[in-house]
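Here's the structure, in structure tokens; my notes come after.
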Amino acid sequence: MTDNNEYVPPKVWTWNKASGGQFANINRPIAGPTHDKELPVGKHPLQLYSLATPNGQKVTIMLEELLALGHTGAEYDAWLIKIGDGDQFGSGFVDVNPNSKIPALMDRSGDKPVRVFESGAILMYLAEKFGAFLPTDPAKRAECLSWLFWQMGSAPYLGGGFGHFYAYAPFKIEYAIDRFAMETKRQLDVLDRRLGESAYLGGDDYTIADIAVFPWYGGLVKGWQYGAAEFLSVDDYKNIHRWADTILERPAVVRGRMVNRVNGDPASQLHERHDASDFDTKTQDKVGSN
């Protein structure tokens, strides 16, 4: 390990300087809104406020999968929340998600609007609302939910841990990268072993567990996350690749990954989604540039 100047933590930590790195301008140790801004409301029962990060993709994939099954009540408006600009700190967004993180969902299908935040909670809410992608058999349901919550507990080590220190931190810290690379490799091994036993994480059927895990770990092995595929030797995880390739063949997944996307190939971007026809009419050109 290389030598570094030792950092001695102060007796009491105070926020007296920017943290540095790609997201320094939106990091702060307090909650609540920074400005007044109402959220737009479209014509559909479900109003989604999001960005096509892995967490955002979970929900748009789920909604597109529900629509593909014929659940017309899953029609939705997907509004773009530019987290780099601080949209998540607007008063309207904070009313939907006091944690100021995307995605956030408002269900206006009933007499009283229902807010749902945290991507795992949204997936469960939609699965139970429409009776899809969540097994009813107790044992299969338990397996599905175990993998769903595995993702909730594990992905912060991948994203906020490895991804941050490998790709976003203002300077490289060997200890931090080694620590979180090791944990990410361990998680990939957990997944690869499970997917060597069954077609999908919950068993034979595609469920919200797969929808939750795929954007993070499927994206990692396919080279979309942090530019770290070679660094982490992801070719070794043959079962994850097989599973990710199978999921990528689903048309609803292709559509869901496009929604609220503002980077990459312009043909893969649909900045906002308000109707199924938007996938054919270049909505990104109407909404504006990145």
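Observations on the model:
- Out of Asp192, Asp205, Asp235, one residue alone is assigned by TED's automatic domain parsing to the domain that holds Phe149, in contact (Cβ under 8 Å) with a residue 60 or more places away in the chain and over 26 Å from Tyr49 (Cα atoms). It is Asp205.
- Single residue of Met152, Met106, Met182 found to be among the aliphatic types (A, V, I, L, M) and touching a strand residue (DSSP E or B) at 6+ places or on another chain (Cβ under 9 Å): Met106
- Qualifying residue in the range 55-76 (condition: among the hydroxyl-bearing types (Ser, Thr, Tyr) and within 20 Å of Gly163 (Cβ to Cβ)): no
- Candidates Leu123, Leu158, filtered to the one that is among the aliphatic types (A, V, I, L, M), outside the structural domain of Trp243 (by TED's automatic domain parsing), crowded, with 21+ Cβ neighbours inside 10 Å and within 30 Å of Ala68 (Cβ to Cβ): Leu123
- Leading residue by the ranking (surrounded by the fewest Cβ atoms within 10 Å (Cβ to Cβ)) among those in the range 239-274 that are modelled with pLDDT under 95 and part of a loop (DSSP other than H, G, I, E, B): Asp265
- Among the residues of the range 101-135, those that are farther than 14 Å from Ala74 by Cβ and either of a type in the set (Val, Ile, Thr) or under 14 Å from the mean Cα position of the chain (by Cα) (or both) comprise Lys101, Ile102, Pro103, Ala104, Val114, Phe117, Glu118, Ser119, Gly120, Ala121.
The values are calculated or read from the model by the stated rules, or taken from the named source; none is laboratory data. Quick caveat: nothing in here was measured; it's all calculated off a predicted structure. Counting neighbours? That spans all protein chains shown, and the Cβs are built from the backbone with ideal geometry, glycine included.
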